[in-house]
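The values are calculated or read from the model by the stated rules, or taken from the named source; none is laboratory data. Because the structure is predicted, anything quoted here is derived from the model rather than measured. Neighbour counts run over all protein chains shown; Cβ positions are idealised from the backbone, glycine included.
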Amino acid sequence: MKRTIAGLFAIAAMAGAGLATTAAAASAAPETARALSCKLSWNDANTAGITCTGGTFVGWAMCKNGSRAQGAAAASGKTSYAYCTSYNSSLKIPVQWGAVQVA
């Protein structure tokens with residue numbers, strides 16, 4: 001009986017520690033997202049160029065056929081180009097774009 005109770009307390013303690021870690025990681029995510037400042041710096045009928053500052057990022061744009069084109073990772077201050085031609089499409093108009101910070 002004592003072993004069972006001790007085991008339950010150990011499991012509860014580990015679960016509580018896991019929740020604390022998850023909460024800390026979740027609260028850190030919005031801070032990272034706020035650090036990235038982006039703009040649509042260029043586009044034509046097929047391609048969107050997204051420029052961000054605040055960290056390494058990947059730009060993306062929506063295509064007319066519903067695909068989400070993703071550019072290559074770019075350093076802060078550089079431009080990531082999302083090509084809808086890679087998905088046999090052109091950019092959705094009005095241009096829908098965004099960026100995701102990467103480590």
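Evaluate the following for Thr51: is it modelled with pLDDT of 95 or more and closer than 30 Å to Pro94 by Cβ?
Yes, satisfied.
Taking the stretch 56-88 only, how many residues are surrounded by fewer than 18 Cβ atoms within 10 Å (Cβ to Cβ), in contact with a helix residue (DSSP H, G or I) (Cβ under 9 Å, 6 or more places away or on another chain) and within 10 Å of Asn46 (Cα to Cα)?
Of the residues in the stretch 56-88, 1 are surrounded by fewer than 18 Cβ atoms within 10 Å (Cβ to Cβ), in contact with a helix residue (DSSP H, G or I) (Cβ under 9 Å, 6 or more places away or on another chain) and within 10 Å of Asn46 (Cα to Cα).
Within the group Leu36, Leu40, which residue is touching a strand residue (DSSP E or B) at 6+ places or on another chain (Cβ under 9 Å) and at pLDDT below 95?
Among Leu36, Leu40, only Leu36 is touching a strand residue (DSSP E or B) at 6+ places or on another chain (Cβ under 9 Å) and at pLDDT below 95.
Scan the stretch 74-89 for residues that are among the small types (Gly, Ala, Ser), more than 16 Å from Ala35 (Cβ to Cβ) and not in a helix (DSSP H, G or I) and jot them down.
Once the filter is applied, which keeps residues that are among the small types (Gly, Ala, Ser), more than 16 Å from Ala35 (Cβ to Cβ) and not in a helix (DSSP H, G or I), the stretch 74-89 yields Ser80, Ala82, Ser89.
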